[in-house]
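> Sharing a structure, written as structure tokens. Questions coming.
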Amino acid sequence: MKGIIMKIAVIHDRLVVYAGAEKVLEQILKVYPEADLFSLVDFLPDNQRDFLQQKKSKTSFIQRLPFSRKKHLSYLPFMPIAIEQFDLSKYDLVISSSYIAAKGVITGPTQLHISYVYTPIRYAWEMQHQYLKDFGKSRGLSSIFIRMVLHYIRNWDVRSTNGVDVIVTSSKFIRNRITKTYRRDSEIIYPPVDVEGFKYNEIKEEYYFTASRLVPYKRIDLIVEAFRQLPDKKLIIIGEGPEAGKLKSKLTSNIEFLGYQSTEVLQQYMQKAKAFVFAAEEDFGIVPVEAQACGTPVIAFGKGGALETVIPLGEDLPTGIFFYEQTANSLLAAIKQFENNYKSFNAANCRNNALRFSEERFRNEFKALVDRNLKFR
């Protein structure tokens, strides 16, 4: 397509929180402020819409179904047909921001559809069995029904990918998952991180730090278990979530749990920490980058996106250390290795590494990708 783009549509799965996917959406809308916005559901209050530039989104019929405000994910079987009901035929460029269904929007042969795919639907693919186990649905008639629904979702998920012209994703880790699932290639544009918002600090104190939503897969329990065996090492935890009560019951005198704190307080602890500890397997992992932006090295589980955002000991200008098993013993060995090589980590190197993932860099790379593909339309 040559000349001026008359109409642009941006479609997102759901607008209910401001998290990692919404930070990507925010930057896409900064690149294309004239775009119209679509979403399966939109329950963001007016005072939390600044990242959308106060745009009102056009929603699907799921928005109006009973209990959809709190239970919209229960309507997963309806999401494929809901996303296909959006009429985007008048738009020249369609950008989908998708981890559930948005990439399945129907477009025509003269339209360019670029999809930022965060991941194939986890609970329909490699996490199906874990999903059934967590909800007590591994057996019985309800299990059979759910498995049939997930089978239908998988088939639709693959088929709907055929309507995407260009797939973009967040890391090599997810690119491999997309290749395995869809047999499609994808381009990597790392997610935007507000590195300028996290202030650099060279002066460190004698404590380790972690911050996270307290849910099982973040493995904060593993970090607590390790520091229970290190009574001379202080750990500070910031976060809230369903695992909070369980974690509190395991605290020892060297572990301080602060619960929810403001961004300002979180940054203060992150800036002064000896190291940031990260035990989750994430698609990308924004928080380790934020820690490095503060000049703080990272001790991270060596799988997923962290492998692409942390430079390990042994390479030039290292910014952290990996442990390769999600066990307390593996983490303990990494902490010991970190202590023995502490002088190898430089705060400036951590900061410079984090700058590779800035918001401005994301906007420039995303616009360049769109412009490059528009030349062939």
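The values are calculated or read from the model by the stated rules, or taken from the named source; none is laboratory data. This is a predicted model, so every value here is computed, not measured. Cβ: placed from backbone, ideal geometry, glycine included. Neighbour counts: every protein chain shown.
> Looking at residue 357, is it within 21 Å of the chain's Cα centre (by Cα) and in contact (Cβ under 8 Å) with a residue 40 or more places away in the chain?
Working: within 21 Å of the chain's Cα centre (by Cα): yes; in contact (Cβ under 8 Å) with a residue 40 or more places away in the chain: yes.
So residue 357 passes the test.
> Step by step: first the residues of the range 288-310, then only those that are touching a strand residue (DSSP E or B) at 6+ places or on another chain (Cβ under 8 Å) and surrounded by fewer than 22 Cβ atoms within 10 Å (Cβ to Cβ), then the one that is nearest to residue 207 (Cα to Cα). Which residue is that?
302
> In this structure, does residue 319 turn out to be in contact (Cβ under 8 Å) with a residue 12 or more places away in the chain and either of a type in the set (Gly, Ala, Ser) or in contact with a Pro (Cβ under 7 Å, 6 or more places away or on another chain) (or both)?
Working: in contact (Cβ under 8 Å) with a residue 12 or more places away in the chain: yes; either of a type in the set (Gly, Ala, Ser) or in contact with a Pro (Cβ under 7 Å, 6 or more places away or on another chain) (or both): yes.
Here the answer is yes, as residue 319 does meet what is asked.
> Pairs only if they're at least six apart or on different chains, beta carbon under 9 angstrom, first in the range 126-138 and farther than 13 Å from residue 148 by Cα, second part of a loop (DSSP other than H, G, I, E, B) and modelled with pLDDT under 75; list them, first residue then second.
From the range 126-138, the pairs are 131/137.
> Return the total of residues in the range 111-128 being polar (S, T, N, Q) and in contact with a Phe, Trp or Tyr (Cβ under 9 Å, 6 or more places away or on another chain).
2
> A follow-up question, please. So, of the residues in the range 242-261 that are within 22 Å of the chain's Cα centre (by Cα) and loosely packed, with under 14 Cβ neighbours inside 10 Å, which turns out to be modelled with the lowest pLDDT?
Out of the qualifying residues, it is 242.
> Going through 253, 186, 212 one at a time, which residue ends up being more than 30 Å from residue 109 (Cβ to Cβ), out of contact with any Pro (no Cβ under 8 Å at 6 or more places or on another chain) and of a type in the set (Ser, Thr, Tyr)? Before the answer, list the steps.
Details: 253 fails: out of contact with any Pro (no Cβ under 8 Å at 6 or more places or on another chain); 186 fails: more than 30 Å from residue 109 (Cβ to Cβ).
Among 253, 186, 212, only 212 is more than 30 Å from residue 109 (Cβ to Cβ), out of contact with any Pro (no Cβ under 8 Å at 6 or more places or on another chain) and of a type in the set (Ser, Thr, Tyr).
> Could you please find all residues in the range 262-271 being in contact (Cβ under 8 Å) with a residue 40 or more places away in the chain and either buried (at least 24 other Cβ atoms within 10 Å of the Cβ) or in a loop (DSSP other than H, G, I, E, B) (or both)?
270
> Another one. Just to verify a result, which residue in the range 326-368, among those that are under 20 Å from residue 293 (Cβ atoms) and small (Gly, Ala, Ser), is surrounded by the fewest Cβ atoms within 10 Å (Cβ to Cβ)?
Once the filter is applied, the top-ranked residue is 348.
> Which of the strands (runs of 3 or more DSSP E) contained wholly in the range 272-346 include at least 2 residues that are out of contact with any helix residue (DSSP H, G or I) (no Cβ under 8 Å at 6 or more places or on another chain) and either outside the structural domain of residue 118 (by TED's automatic domain parsing) or among the aromatic types (Phe, Trp, Tyr) (or both)?
Working: elements: 275-278, 298-301, 320-323.
The strands (runs of 3 or more DSSP E) meeting that bar number zero.
> Ok, one more. Taking the range 229-258 only, how many residues are in contact with a strand residue (DSSP E or B) (Cβ under 8 Å, 6 or more places away or on another chain) and closer than 11 Å to residue 211 by Cβ?
5
> Tell me, please, whether a residue that is free of Cβ contacts under 8 Å to residues at least 24 places away in the same chain, in the same structural domain as residue 363 (by TED's automatic domain parsing) and hydrophobic (A, V, I, L, M, F, W, C) can be found in the range 98-118.
First, the residues of the range 98-118 that are free of Cβ contacts under 8 Å to residues at least 24 places away in the same chain: 108-109, 111.
Filter once more, so that each one left must be in the same structural domain as residue 363 (by TED's automatic domain parsing): 108-109, 111.
Checking the rest, the ones that are also hydrophobic (A, V, I, L, M, F, W, C) come to none.
No, the range 98-118 contains no residue that is free of Cβ contacts under 8 Å to residues at least 24 places away in the same chain, in the same structural domain as residue 363 (by TED's automatic domain parsing) and hydrophobic (A, V, I, L, M, F, W, C).
> Quick one: is residue 296 at pLDDT 95 or above and over 20 Å from the mean Cα position of the chain (by Cα)?
Yes, satisfied.
> A further question on this structure: Just one of (1) hydrophobic (A, V, I, L, M, F, W, C); (2) modelled with pLDDT of 75 or more; (3) surrounded by 18 or more Cβ atoms within 10 Å (Cβ to Cβ) trips up residue 132, so point out which.
(2)
> Exactly one of these conditions fails for residue 108: (1) in contact with a helix residue (DSSP H, G or I) (Cβ under 9 Å, 6 or more places away or on another chain); (2) not in a strand (DSSP E or B). Give me its number.
(1)
Conditions tested, residue by residue: (1) surrounded by 16 or more Cβ atoms within 10 Å (Cβ to Cβ); (2) part of a helix (DSSP H, G or I).
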site: 160; (1), (2): yes, yes
site: 168; (1), (2): yes, no
site: 173; (1), (2): yes, yes
site: 177; (1), (2): yes, yes
site: 181; (1), (2): yes, yes
site: 184; (1), (2): no, no
site: 196; (1), (2): no, yes
site: 201; (1), (2): yes, no
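> Shifting gears a bit: Please pick out the residue among 110, 119 that is hydroxyl-bearing (Ser, Thr, Tyr), under 25 Å from residue 373 (Cβ atoms) and under 26 Å from the mean Cα position of the chain (by Cα).
It is 119.
> Whether any residue in the range 51-71 is under 22 Å from residue 148 (Cα atoms), surrounded by 15 or more Cβ atoms within 10 Å (Cβ to Cβ) and not charged (D, E, K, R) is what I want to check.
Scanning the range 51-71 turns up at least one residue that is under 22 Å from residue 148 (Cα atoms), surrounded by 15 or more Cβ atoms within 10 Å (Cβ to Cβ) and not charged (D, E, K, R).
> Any residue at all in the range 361-373 that's within 30 Å of residue 93 (Cβ to Cβ), touching a Leu at 6+ places or on another chain (Cβ under 8 Å) and among the aliphatic types (A, V, I, L, M)?
yes
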